[in-house]
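The values are calculated or read from the model by the stated rules, or taken from the named source; none is laboratory data. All values derive from a computational prediction rather than experimental measurement. As a convention, Cβ positions derive from the backbone with ideal geometry for all residues, glycine included, and neighbour counts pool all protein chains shown.
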Amino acid sequence: MTPESRLAALFRLDEEGWARHSNPWSGWTRLATLPLLPLVGWSRVWIGHWWLLLLVLLVLWLWANPRLFPPPARRDAWMTRGVLGERLWAARDRVPVPAHHRLAPHLLSAAALAGFALMIYGIAALAPWPMLAGMLATLIGKLWFIGRMVRLHDDMTKDPA
C-alpha cells in the first residue's frame, strides 16, 4: 500500500469519494484552504486558545471536502484530470505507472512538504517571511505535482479530454 493510498483511506476516498473529489470545485477549494492555515495559526495572538476551534473546523473542512461536491459532468478540466492522476499515482503498487512518471512526483511532494514545514515554523514562531516562503513553496510544489498528475492521467488513459 502506497503512502498516498493510506492518505486516501484516511479521507475515505472510495470509488464515489474519488469521483466527487475529481470535481474541480473540490480540488480548487481544498487548495484555496492553504492560506487559511497561517491565518488560523496567527489568530492565537488575537483570540487565545479559541484558535484551536478554528483549526478543528479547518481540518474538518479538509476531511469533508472530497465528499461535498457531485462528480463532475465532464472529465476534461485540468483539476479533474489532476485528481484522477493522483488516484492512479496512489494505486501504483497495483497498476504500475510509466517509468518517466516515477521520480518527479516524489521530488515535488518532498518540495511541497519542505515548504509546508517551513510554513508551520513561520506560523509557530510568528515569523512572516518563513511562513510566506513556506506557503509559496507548498503551493508551487502542489500545483506542479497536480500538473504532473494531469500528464500521468493523460498518458495512462490516452484520454486528454
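Before moving on, here are some points about what is shown:
- The one condition from (1) at pLDDT 95 or above; (2) farther than 22 Å from A9 by Cα that V56 does not meet is (2).
- P38, sole failed condition from (1) more than 22 Å from I146 (Cα to Cα); (2) surrounded by fewer than 17 Cβ atoms within 10 Å (Cβ to Cβ); (3) not small (G, A, S): (2)
- L118 vs. criteria within 24 Å of L52 (Cα to Cα), buried (at least 17 other Cβ atoms within 10 Å of the Cβ) and not β-branched (V, I, T): yes
- Note on region 1-54: residues that are touching a Lys or Arg at 6+ places or on another chain (Cβ under 7 Å), in contact (Cβ under 8 Å) with a residue 60 or more places away in the chain and over 16 Å from F69 (Cβ atoms) amount to 1.
- Here R94, R102, R87 are screened, and the one residue that is out of contact with any Leu (no Cβ under 9 Å at 6 or more places or on another chain), under 23 Å from F11 (Cα atoms) and not small (G, A, S) is R94.
- Single residue of P105, P98 found to be loosely packed, with under 11 Cβ neighbours inside 10 Å, in contact (Cβ under 8 Å) with a residue 12 or more places away in the chain and not polar (S, T, N, Q): P98
- Criterion (touching an Asp or Glu at 6+ places or on another chain (Cβ under 6 Å) and over 22 Å from A127 (Cβ atoms)) met by exactly one of T2, T80: T2
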